[in-house]
Amino acid sequence: MTFRFSLFIAVVSILCTALIIYLFSLFAPPQTVFSPAKESCIILALDESHSDRSIREILASGGIEGFISESSQNVFVDDFGALRSIPLDLYQDEIVSFDPRDDGYAAKLRSFFVHEGKRFFFLFQDTGRSNAPGLEKQLAGLLEGIPFSFTVLGHRESLFLYFTLLAAACVFAFFLSPSKRLFVFQLPVLLAFGYSASFSFVFAAALTAVWELLREPFGQISAARCYDRGYTDYSGGGYQGFWEQLKPFRVNCLLVLLFLIFIVIISVVWELPPIPVAAGCGSFFLLYFLAFRADTQRAKKFRHILFTPVPILSAKIRTFSLFPLLLPFTAGALLSLFLPLFLPGFSPSRENMFPVEPARLISGGDYYRHIDFQSSFSYRPLEPYSSRAGGERSLNHDEYLRYYLGEDGLIAGSISHDKEGLQAPRDFGLLTEVPPFPLETLMEFLIHYDTPAAGLPSAGIWISVVFVLAACMLNLLGPKTPSGIRFRKKKQPFFEDKRIAA
């Protein structure tokens, strides 16, 4: 290929790579790439003076639901015969400060959502593929004129690790490529997929396999076009001649289709952004076409046109070699799995600092002790408010005893209140079923948020390894003679075969 056209293809390759990276940064920025646990928490903080319910109404008007806040939580109160549920933000209007039923749980729960002059809204998600930037932009439009802060909590994977390992895998694949002159223009595009983290090896391996599978068919068509006769030779003219030339490569075309379907499935199942993925695949095929077009022009210019053999046998001949071409991507996926275990700098890091003190977190024990206290309140002796230390209420006072009923339905005795061991209340007749702790999942995430749980292997890495190894096994397909005997001789590119069929 001429130097000028080669330079043009190189510029196109760089521009396509820049476009793909920009699209990935736009639709899947780094803060949305979380740990393998795929859990995240979005925290919206506003001034305490804003009404919780009015903010929720504004969010609901924009179709934003699911935020956990003060008004979304309920507190139970013994209504002397039944438990009554009161919204947390209305608790102080329903229960006076000296009411003995106030066990301190409401105050502790409210301090989690409202403290230090700020009101907090939490949106827990069990997937790290949320559109946080889009949500923040939508909130800015809905809360126009209301200052707020937007925080995303989660473990972010090190994209630097994936870009580095993917670059090394691409270099090794380049040296293993049977046609380096054409494959070199694809490397920047493959490297751009490093933005997809653990799935970058899947995309790079799949597209490299497609490149190898189409190398012989494209070379066949390219060589035939060097004669400027279209498809008027042995294969006939028009589309019929085109498909006739692709007949020896039916297996290649079928496998290309399967690889492309696999890319679509991975993108849909794991909710990867479709626009940058489609742009990457489109750029790949554009550079593929330009590279073979340049190769055809080079052959015409130097009048060095390779002889195109005419296939006269119906044998199933394998015209590709995916092993060891794809092995570097397997090695890269495995290294991305084990390197974080030995190099802490490559381990997933916390995306943002948690703006709530750990002491304000609510435990399941707090919640169940609260229900137990309210369920048994009618059976407890009243304690003078002034006798409590400092004149303040504490959650589930030690002075209270917990009574239990006998077989005759009367009080049979009492036991000490176990603050730590109590997980669920006994049945005192006020509750037929204990409601589950509504904040359990959120609190569990916040408690273990800063632990290195993200060191566990990502499913994407295992998919990459299994996929690439399975692709390498395709080399077991042929080449075969009609009788089924395998060829042992060294494979030669089909359109470079110098043998003449008489």
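For region 65-105, which chymotrypsin sites (Phe, Trp or Tyr not before Pro) are in a loop by DSSP, counting at most 13 other Cβ atoms within 10 Å? Let's see the in-between values first.
Numbers: sites: Phe67, Phe76, Phe80, Tyr91, Phe98, Tyr105; in loops: Phe67, Phe80, Phe98.
Those that pass, being in a loop and sparsely packed, are Phe80, Phe98.
So the label point goes 7 Å from the Cα of Leu286 along Cα→C-beta, right? Which residues of region 7-28 then have their backbone N under 19 Å from it?
It comes to 7-27, nothing else.
No lab work stands behind these numbers, since they all come straight from the coordinates. These numbers come from a predicted model, not from an experiment. Ideal geometry is used to build each Cβ from the backbone, glycine not excepted, and the neighbour counts take in all protein chains shown.
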